[in-house]
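Participant: This is the structure I have questions about; it appears just below.
The values are calculated or read from the model by the stated rules, or taken from the named source; none is laboratory data. Given the structure is predicted, the values throughout are model-derived calculations rather than measurements. Counting neighbours? That spans all protein chains shown, and the Cβs are built from the backbone with ideal geometry, glycine included.
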Ligand code: C2E
Ligand code: CA
Ligand code: CA
C-alpha cells in the first residue's frame with residue numbers, strides 16, 4: 001500500500017477519534033452544567049416566589065397595624081350610635097380605605113369586623129358578591145380571636161371568588177373614653193381585615209425561559225389553590241397526588257403529562273402553602289440539546305478542517321520530498337550524472353536530501369575518476385586510444401570548420417622488443433615513460449600525444465605493451481610543417497637513453513597522415529599513418545614516411561594476400577620444389593634444398609619472398625613450416641623406397657618455428673615416423689634468426705645438434721654476424737649469400753669470399769655458395785675450395801619427379817662408369 005493511501009488511513013481516525021471523544025466529553029459536561037443551571041433557575045424562581053410572598057405578608061402586616069392605629073377608625077368603632085356612625089363616620093372612612101386601595105391595588109378588600117365577627121364595613125375594588133358577611137363561624141376569625149398576636153395572616157381561598165388570597169386581620173383594642181376610665185384596659189372594639197390578591201404571584205413564571213412550565217400553589221394536603229393552567233392539569237394532578245408527594249417528600253421522577261416527561265420541584269412557601277413547578281424535560285434539556293448540537297458542529301467542523309490541513313502538511317513536508325528523492329534516485333540510476341535535490345527543511349527529510357546530494361556528488365566524482373582511468377594509459381599517463389580518437393574527431397571537426405590542416409603521426413619504436421627482451425619488462429616500461437617524456441619535450445603546447453593502449457572494459461587495468469605512440473599536430477598551414485617535428489623526434493630518440501645504467505638506443509619510425517588529403521575520419525587517418533609507419537620501418541629504420549596512395553595500395557594487396565594465404569594454408573595449396581646442391585669436387589648431387597611454391601588461381605605464382613615474411617608476422621608460418629617438414633620427410637622416404645640413392649634434404653626454417661619449445665622434438669619425431677636417419681634432413685636458418693638468438697632458439701639448435709641433425713646458416717654475409725660470433729654455435733654449414741657470387745666482379749667480393757671460405761674451414765664448417773649461375777662462378781669457387789655449390793648452373797628448383805629423374809641418370813652414369 002502506498003504512503004499516500006496509508007497515511008490518510010492512519011491520520012483520519014487519529015484525528016477524528018479523539019476529537020469526537022473530546023466532543024462527547026464536552027457535551028456531557030456542558031449538558032450537566034446546563035441541567036444544573038436549569039435546576040438552579042427553578043430553585044431561584046421558587047425562592048423569588050417565596051420572597052415575594054413574604055414581602056407581601058410583611059408589608060400587609062405592617063400596613064394593617066398602621067391602618068389600625070387610625071383615629072378615624074377608632075372614632076368609628078367607639079361610636080355606639082349606629083345612625084351617627086353610618087351618617088357621619090362611614091363615608092370619610094370609606095374614602096380613606098379607597099385611597100389605601102389606590103396605593104395598594106392588590107388590597108382588593110378592606111373590611112371592619114365587629115367583635116362578634118359580623119362585617120361592619122366592607123370596601124371591595126371588585127364587583128363580586130359578598131357571599132360571607134358573617135365571619136363569626138369562620139376558621140380564620142376563630143384563630144384571630146384566640147391568637148396571642150394582634151395581627152394574623154393566613155393564606156386561603158377566598159370563599160367569595162374562590163381565588164387565592166392572603167387574609168390579614170388586626171385586632172383593634174381601644175379605650176372608650178366615654179365609658180371607661182383612662183386607667184382601665186383597652187377592650188377589643190373590632191377587627192380590621194385586608195384581603196390581598198395572591199394570583200399575581202403566578203405571573204413570576206412569565207419571566208422564566210420555559211413557556212410550557214406550570215406553576216401551582218397548593219395546600220399541604222395537595223389541594224390546588226392556584227395554578228397557571230386550567231382544567232386538564234387539575235385532573236392530572238389529582239391522579240398524580242400532590243398531597244402524598246408533599247407528605248413523603250419524594251416527587252415522582254419525571255411524571256408524564258400529555259405524553260411528555262416533567263420535572264417536579266416543590267417548596268413550602270407558608271405553613272399552609274406549597275409551590276410546585278412542573279417543567280417539561282424537553283424544555284429543561286433544550287439548552288443542553290443546543291449545546292450538543294453546537295459541540296457536534298464544532299467537532300465536525302474542526303475534523304473537516306484539520307484533516308485536509310494535516311494531510312496537506314504531510315504531503316508537503318513528507319510525501320513530496322520523498323517523491324522528489326525517489327525521482328532523483330531513479331534519474332541518478334539512469335543517467336549517472338550529478339543530480340541535486342533542493343533542501344527545504346532542517347528535519348530528518350532535509351538530512352536525507354543532504355545525504356542524497358552527498359552521495360550523488362561522490363558518485364559523480366568516482367565516475368569521473370573511473371572515466372579518467374578509462375581514458376588514460378596507466379603507465380605513461382598519456383591519453384589512450386579512446387581519448388585520442390575523441391580528441392582527433394573533435395579536431396577534425398574544428399579543422400573542417402576553419403579550413404586548416406591537422407596531421408596524425410604514428411610512432412613505433414625500432415628496438416623496443418630487443419630492449420624488453422634483454423633488459424626485462426620493468427626496463428621496457430621505464431623506456432616507454434622516458435620516450436613519452438622525450439616526445440613531449442619536442443612538441444608545442446597545442447599538439448597532443450597519445451599512447452594507443454586499449455582499455456578492456458571488463459577489467460580496470462589498461463592493457464600494457466605496445467611501443468606505439470600517436471601524435472596529433474594542429475594548425476598546420478601545409479603538410480611540410482610536420483617534417484621538422486618528425487625529424488626532431490627521430491633525432492631525439494636516436495640519442496641513447498639510459499636504463500638502469502645501460503645506454504639504450506630506442507630509435508623510432510614515424511608514419512604521417514594529413515587531414516584532409518589522407519583521410520576524412522580519425523580512423524582513416526590513424527590507419528593510414530600506421531601504414532606509412534610500416535613502410536618507413538621497412539625501408540630504413542629511424543625514418544619517417546608520409547602516407548601515399550601507393551602505401552594504401554600496398555596495404556590493400558597485403559591484406560588480400562593475407563586472406564589468400566589463410567585459405568591456402570587451410571586447403572594445403574602448396575607444392576614443394578627441390579633445388580640441387582652439387583659437390584664441387586665430384587660434381588655429383590650432394591643434397592637438395594626444399595623450396596616452397598604457391599600458385600593462386602587469381603594472383604598466379606607468388607614467390608616465397610613475398611609471403612613467407614607475411615606468414616612469419618601472423619604466425620601462419622607454423623602450419624606452413626610443419627607442412628614443409630612433413631612433405632620433405634615423406635619425399636625422402638619415397639626416394640628411398642624407390643631404391644634411389646636419395647640426397648639429404650635441406651629445409652628452410654623460420655626463426656618463429658625455432659622459438660617453439662618442442663621444435664627439435666617435432667623434427668626427430670618426423671625422422672622416426674618416416675624411418676629416416678638424422679643425416680637425411682638438415683635445416684637452414686637465416687643469420688637474423690641467429691642474431692635475435694633467444695634462449696629457446698639456442699636450446700633447439702643444441703638439441704638438434706645432439707641428435708646429429710646438421711644446421712646450415714643461410715644467406716651468410718647479409719646480416720651482421722661475424723664468424724667469431726658463430727664459432728660458439730652448433731653450425732655445420734655456411735651458405736654464402738647469392739649477392740656475393742653475382743657481384744663477384746666487384747673489387748673486394750672475391751677477396752671476402754676466399755676469406756670467408758678459409759675461416760669457415762678453420763671453424764670446421766662446410767661452405768655452400770648460392771646463386772652459381774655460370775662457369776666463371778664455378779671456376780672461382782672451385783679454386784677457392786668452396787665445398788658445395790647451388791645455382792641455376794646446376795639446376796633450378798624443380799618438382800620432385802625431376803630430381804628422381806636426375807638421380808636415376810646419375811645412377812646410370814655411375815653403373816656405366818662402374
Ligand atoms: P633461400 O633460402 O636463399 O633460397 C634460395 C633462393 O635462391 C630460392 O629462391 C632460389 O630459387 C634462388 N636461387 C637459387 N639459385 C639461384 C641462382 O642461380 N640465381 C638466382 N637469381 N636465384 C637462385 P626462392 O625459391 O624464390 O626462395 C626465396 C626464399 O624464400 C628462400 O631463400 C627462403 O629464404 C625462402 N623460402 C623458400 N622456401 C621456404 C620454406 O619452405 N620455408 C622457409 N622458411 N623459407 C622458404
Ligand atoms: Ca635456403
Ligand atoms: Ca639463401
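Participant: Restricting to the stretch 669-682, what's the tally of residues that are within 27 Å of residue 736 (Cα to Cα) and either within 15 Å of ligand 1 (Cβ to nearest atom) or modelled with pLDDT under 95 (or both)?
Facilitator: Of the residues in the stretch 669-682, 2 are within 27 Å of residue 736 (Cα to Cα) and either within 15 Å of ligand 1 (Cβ to nearest atom) or modelled with pLDDT under 95 (or both).
Participant: Something else now. Applying the selection to the stretch 627-647, what residues are touching a helix residue (DSSP H, G or I) at 6+ places or on another chain (Cβ under 8 Å) and either within 16 Å of ligand 2 (Cβ to nearest atom) or farther than 29 Å from residue 582 by Cβ (or both)?
Facilitator: 629, 647
Participant: Of the numbered conditions (1) away from ligand 3 (no atom under 16 Å from the Cβ); (2) in contact (Cβ under 8 Å) with a residue 40 or more places away in the chain; (3) over 23 Å from residue 653 (Cβ atoms), residue 781 satisfies every one except a single condition; which is it?
Facilitator: Answer for residue 781: the failing condition is (1).
Participant: Report whether or not residue 723 is more than 13 Å from ligand 1 (Cβ to nearest atom), over 60 Å from the mean Cα position of the chain (by Cα) and under 29 Å from residue 415 (Cβ atoms).
Facilitator: Yes; evaluated as a whole, the condition is true for this residue.
Participant: Moving on to the next point. Give the residue, chosen from 614, 622, 595, that is in a strand (DSSP E or B), touching a residue at least 12 places away in the same chain (Cβ under 8 Å) and closer than 26 Å to residue 665 by Cα.
Facilitator: Exactly one residue qualifies, and that residue is 595.
Participant: Looking at the structure I just gave you, is residue 77 out of contact with any helix residue (DSSP H, G or I) (no Cβ under 8 Å at 6 or more places or on another chain), in contact (Cβ under 8 Å) with a residue 60 or more places away in the chain and surrounded by 14 or more Cβ atoms within 10 Å (Cβ to Cβ)?
Facilitator: Answer is yes for this residue.
One line per residue, one yes/no per condition, for (1) modelled with pLDDT of 90 or more; (2) within 16 Å of ligand 3 (Cβ to nearest atom); (3) within 21 Å of residue 751 (Cβ to Cβ):
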position	(1), (2), (3)
684	yes, yes, no
689	no, yes, no
693	no, no, no
696	no, no, no
700	yes, no, no
708	yes, no, no
714	yes, yes, no
719	no, yes, yes
723	no, no, yes
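Participant: Does residue 803 satisfy the criteria of being crowded, with 17+ Cβ neighbours inside 10 Å, within 14 Å of ligand 3 (Cβ to nearest atom), assigned to a helix (DSSP H, G or I) and in contact (Cβ under 8 Å) with a residue 40 or more places away in the chain?
Facilitator: No: the conditions fail for residue 803.
Participant: Before we move on, is residue 450 surrounded by 19 or more Cβ atoms within 10 Å (Cβ to Cβ), in contact with a strand residue (DSSP E or B) (Cβ under 6 Å, 6 or more places away or on another chain) and modelled with pLDDT under 80?
Facilitator: Judged against the criteria, residue 450 is a match.
Participant: Consider the stretch 784-800. How many of its residues are in contact with a strand residue (DSSP E or B) (Cβ under 7 Å, 6 or more places away or on another chain) and away from ligand 3 (no atom under 16 Å from the Cβ)?
Facilitator: 3
Participant: Need the failing condition index for residue 764 against (1) part of a loop (DSSP other than H, G, I, E, B); (2) at pLDDT below 95; (3) within 16 Å of ligand 3 (Cβ to nearest atom), just the number.
Facilitator: Checking residue 764 against (1) part of a loop (DSSP other than H, G, I, E, B); (2) at pLDDT below 95; (3) within 16 Å of ligand 3 (Cβ to nearest atom), the one that fails is (3).
Participant: Does the stretch 693-708 hold any residues that are within 16 Å of ligand 1 (Cβ to nearest atom) and touching a strand residue (DSSP E or B) at 6+ places or on another chain (Cβ under 9 Å), and which are they?
Facilitator: Correct list: 697, 701, 704.
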